[in-house]
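Let me begin by presenting the structure, written as structure tokens, before commenting on it.
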Amino acid sequence: MTETIKAIVADPRLLGMISSEQLLDPDDRIIANAMEVIIARDIKPTPHAIRTLLRSTDDWSRLNNILDEIENNPLSEDLDPQFIIATARESYNDNLLGQAFLECMRMVGQEPASEVMARFNEKTANLATATRVQSTRDIADNMMQMIRDAAEGKRKAYWRTGEPRFDRYASLAPRKIIVCAAQKKQGKTRFIVDRMMRVHRMNPEVNFIWYSLEMKPEEVMMCQVAWMTGLYTEVMEGKHPGRPTPPELERVEAAWKRVRELPINFQVRAKGIDSMVHDMRRWIKGPTMVIIDNLGLIEIEPGMGDIQHEDRVAKRLVGLRDELDPCIIGLHHLSKESESRWQRDNYYRPNVSHVRGSSRISDYANQVWLLHRPGAYKDLWSGPNAMVPPDKVAEFKRSFMLDVALNRGGEAGEVQMEHDLGCSQFREMKPPA
């Protein structure tokens, strides 16, 4: 390694003062070119990125290993090569990308940086087009195979839960993005636990990935045990004197042995959407339901505004859905407008316009679910201005509504339910005769 490169490692800012012609060693010139490309893309190189580039050579076949190394070692300082490379690797053929990347690196020092970047964008755009072209016959054959698989029972159109109205309006199926929104303390996490357990019971081949960004995974698993046993989570937590009793503890231990074997991969650390998608591309094998609790806790990449971040999250989830066919459920909050006094006459029932933030994620979703537990609003059933008659209060407090407010692949509609929130159980009510 030359003294010049050692100086650059010690202080990356020196790179802007050194041209590749000043480097006599061919390997050093390649290294400098690579770093100049990074700077041309307005990325601040981190020490790790420079150490990685120092191990690069003129052999493009090794470039994939270098890209993997950068990708698998998260960097935290501003925008760095990890995000650029992760995005590129998911869009283009690795070997062809390596050739294009190296070819453009060699141009640095001979052509202006703007020309290098224009050339790189041109070549990668061509690669993206080339990797996505399919013949009409290929598409027709794929379509026919899908129909045959469905007819022979090899492929499920949706994952049954055993509740007819829910399966009709809110059918859980592969290749779907669902936004499930509600106000705080409405029971949306417990509702998804109930749906997940029903899906597992009737579709044991389905795997689950749960991003528990708001609730601890132990709390989620306690909800699963509560669903199995019918015991309230407060009882299992010992918040009632003398509970759980020895017989109740036996039931809990039996359920504990079952939940230990559930096909769930819990993820508890908040991440950016790029890291999350990279993880899911490795973990999704076969029928998979991904639960993100919740979308508002996905980390924003440095330098991004809220709308830009939401747009990126939506597009990245759409790309994952189209590539690997998971069912993605993203839990989300509603704006405070849904709880304003103007909404009281409507029992504080939400609508799609109340989904928090911009409408980007709702625009891209296959379905938008709005959850509503009117009994959570005490002023509706208690006090001088109560809207619910006293003899209907008990029934009202158990009521729960799933409003499939948007359904791009089918019929929108409502599913009236009753809940037992303490044990995460939600049951569909039969419509009146």
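Every number here is computed from the coordinates shown, using simple stated rules; none is lab data. Given the structure is predicted, the values throughout are model-derived calculations rather than measurements. All Cβ positions, even for glycine, are placed from backbone atoms using ideal geometry, and neighbour counts span all protein chains on display.
Report, by chain and number, residues whose modeled amide H sits under 5 Å from the one on Leu406, excluding near sequence neighbours (fewer than 5 apart, same chain).
Here Val368 satisfy the definition.
Step through the residues of the stretch 317-334 one at a time and calculate ³J(HN,Hα) from phi using the Karplus curve (6.51 cos²θ - 1.76 cosθ + 1.60, θ = phi - 60°), rounding each to whole Hz and writing x for Gly and Pro.
My calculation for the stretch 317-334 gives 5, 4, x, 5, 4, 6, 7, 10, 6, x, 9, 10, 10, x, 6, 8, 9, 9 Hz in order.
In the stretch 146-224, which trypsin sites (Lys or Arg not before Pro) are in a loop and have at most 11 other Cβ atoms within 10 Å, using DSSP for the loop call?
Lys154, Lys184, Lys185
For Lys184, put the label point 7 Å out on the Cα→Cβ axis and report which residues of the stretch 354-387 keep their amide N under 17 Å from it.
355-357, 373, 376-378
Which ³J(HN,Hα) values, rounded to whole Hz and listed in residue order, are derived for the stretch 381-391 from phi using the Karplus coefficients 6.51, -1.76 and 1.60 in 6.51 cos²θ - 1.76 cosθ + 1.60 with θ = phi - 60°, glycine and proline given as x?
10, 9, x, x, 9, 4, 9, 10, x, x, 6
List the residues, sorted by chain then number, that are 5 or more residues from Ile291 or on another chain and whose placed amide H is less than 5 Å from its amide H.
Ile209, Trp210, Tyr211, Ile329
Restricting to Cα pairs below 8 Å that are 6+ residues apart, what does the relative contact order work out to for the stretch 207-270? Please round to a whole percent.
After rounding, I find 62 percent.
With contacts defined as alpha carbon pairs under 8 Å and 6 or more residues apart, what's the relative contact order of the stretch 286-433 in percent? Spell out each step's value before the answer.
Numbers: 192 pairs, mean separation 25.0, N = 148.
RCO, the stretch 286-433: 17 percent.
Would you calculate the separation in nanometres between label points at Glu152 and Arg260, each defined as 7 Å from the Cα along the Cα-to-beta-carbon direction?
Result for the modelled spin labels: 3.9 nm.
Filter the chymotrypsin sites (Phe, Trp or Tyr not before Pro) in the stretch 375-433 down to the DSSP loop ones having no more than 12 other Cβ atoms within 10 Å, then list what survives.
Sites meeting the loop and neighbour criteria: none at all.
Show me, for the stretch 411-422, the HN-Hα J-couplings you get by feeding each phi into the Karplus relation (A = 6.51, B = -1.76, C = 1.60, θ = phi - 60°), rounded to Hz, glycine and proline as x.
8, 7, x, 10, 10, 7, 9, 10, 10, 10, 4, x
Find the relative contact order for the stretch 186-297 and round it to a whole percent, using C-alpha pairs within less than 8 Å whose residues are 6+ positions apart.
In percent, rounded to a whole number, it is 48.
Which Rg and Dmax, in Å, describe the Cα atoms of the stretch 187-240?
In Å, with Rg to one decimal and Dmax whole: 11.7, 38.
Return the whole-Å distance between the Cα centroid of the stretch 281-347 and the Cα centroid of the stretch 162-224.
The stretch 281-347 and the stretch 162-224 have Cα centres separated by 14 Å.
What do you get for GluC sites (Glu not before Pro) in the stretch 330-417 restricted to DSSP loop and a cutoff of at most 15 other Cβ within 10 Å of the site's Cβ? Before the final figure, lay out each step's value.
Values: sites: Glu337, Glu339, Glu395, Glu411, Glu414; in loops: Glu411.
Listed in order of number, the matching sites are Glu411.
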